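Asks: Could you have a look at this structure, given as structure tokens, before my questions?
The values are calculated or read from the model by the stated rules, or taken from the named source; none is laboratory data. All of these numbers come straight from a predicted model, not from anything done at the bench. Here Cβ is always computed from backbone atoms with ideal geometry, including for glycine, and neighbour counts include all displayed protein chains. Ligands, DNA and RNA are stripped out before the accessible areas are found, and what is left, the full protein with its side chains, is counted by its heavy atoms. Shrake-Rupley method; radii C 1.70, N 1.55, O 1.52, S 1.80 Å.
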Amino acid sequence: MTQPAKNTVCLWFDGTAEEAARFYAKTFPDSSVSALHRAPGDFPSGQEGDVLMVEFTVLGIPCLGLNGGPAFKHSEAFSFQVATADQAETDRYWNAIVNNGCQESDCGWCKDRWGLSWQITPVALTRAVTDPDRAAAKRAFDAMMQMRKIDIAAIEAARRG
């Protein structure tokens, strides 16, 4: 096993940790799969030799994928929030997830094919909804509430009024 980070996000999968980790590594910069660990014996949802754990990094965040079986599902209570610099980056990440079996949601949220939630959040959106001009922030917020994938031009237009 590689030297573990002091704090690692452990994500529970039902036998698909390697597939998910490889997708994340292919999709996001500063992401990789660093190790696969096979089970030394049979376990409730698998057999000796099956991939039990996958060490990977997503956008610089160390993660461990645990193939623990069907007992627990992901929920929106945990999400990766990806701060994007522009519309092209927003579109690239959104489309990569959506076109890989995603479930779209509101306000820049989507759920990947493994059930993990993602917030594809342009920096421009964060700036707009935290604008010290509360009326401008409200207009941007109201515009966001009508969106699935965030449209930066529409957010900025709403912010300007």
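Asks: Roughly speaking, what is the centre-to-centre gap between segment 49-63 and segment 78-136 when only Cα atoms are used, to the nearest Å?
Replies: The distance from the Cα centre of segment 49-63 to that of segment 78-136 comes to 23 Å.
Asks: Going by accessible area, probe 1.4 Å, with all protein chains left in place, what is the ranking of SER45, SER79, largest first? Working shown, then result.
Replies: Numbers: SER45 55, SER79 30 Å².
If we order SER45, SER79 from most to least accessible, we get SER45, SER79.
Asks: Which longest run of the chain has no exposed loop site in it, a site being chymotrypsin sites (Phe, Trp or Tyr not before Pro) in a DSSP loop with at most 15 other beta carbons within 10 Å, and the site itself not part of the run?
Replies: 79-161
Asks: Let me ask something additional. Can you tell me how much longer the chain between GLU19 and ARG92 gets when fully stretched, taken as 0.36 nm per residue apart minus their C-alpha distance, in nm with one decimal?
Replies: Details: separation 73, 0.36 × 73 = 26.28 nm, distance 1.98 nm.
In short, 24.3 nm is gained.
Asks: Using the crude model of +1 on Lys and Arg Cβ and -1 on Asp and Glu Cβ, and no other charge, please compute the dipole size for the chain relative to its Cα centre, in debye to 20. Could the numbers behind the result be given before it?
Replies: Values: 16 positive and 20 negative charges, 98 e Å.
For the chain, the charge dipole is close to 460 debye.
Asks: What residues have an amide H closer than 5 Å to that of GLY15, excluding those fewer than 5 places away on the same chain, when H is modeled at 1.01 Å from N in the peptide plane?
Replies: GLY68, GLY69
Asks: Let me ask another. What ³J(HN,Hα) values, in whole Hz, does the Karplus curve 6.51 cos²θ - 1.76 cosθ + 1.60 give for segment 27-34 when θ = phi - 60°, with x put for Gly and Pro?
Replies: After applying 6.51 cos²θ - 1.76 cosθ + 1.60, I find 8, 10, x, 6, 9, 6, 9, 9 Hz.
Asks: According to a simple spin-label model (label point 7 Å from Cα along Cα-to-Cβ), what is the distance in nm between ASP142 and PHE43?
Replies: 5.1 nm
Asks: Suppose the chain between ALA85 and ARG160 were pulled fully straight at 0.36 nm per residue; how much longer would it get relative to their current alpha carbon spacing?
Replies: Full extension of this stretch gives 25.1 nm more.
Asks: Report the FRET efficiency, 1/(1 + (r/R0)^6), for ASP50 and PHE72, where r is their Cβ-Cβ distance and R0 is 25 Å, rounded to 0.05.
Replies: Step by step, r from the Cβ atoms, then E = 0.90.
Asks: Still on this structure: Among the listed pairs LYS6/LYS26; LYS6/LYS149; LYS26/LYS138, which have their C-alpha atoms separated by more than 27 angstrom in this model?
Replies: Beyond 27 Å between Cα atoms: LYS6/LYS149; LYS26/LYS138.
Asks: Quote to one decimal, in nm, the extra length available between ASP30 and GLU104 on full extension: 0.36 nm per residue of separation minus the C-alpha distance between them. Could you put the intermediate results ahead of the total?
Replies: Details: separation 74, 0.36 × 74 = 26.64 nm, distance 2.45 nm.
So the extension gain works out to 24.2 nm.
Asks: Just to confirm the filter: which trypsin sites (Lys or Arg not before Pro) across segment 54-161 are DSSP coil and have at most 13 other Cβ within 10 angstrom of their Cβ? Don't skip to the end; give the middle numbers.
Replies: Values: sites: LYS73, ARG92, LYS111, ARG113, ARG127, ARG134, LYS138, ARG139, ARG148, LYS149, ARG159, ARG160; in loops: LYS73, ARG113, ARG148, LYS149.
Here the trypsin sites (Lys or Arg not before Pro) that fit, given the DSSP loop and packing criteria, are LYS73.
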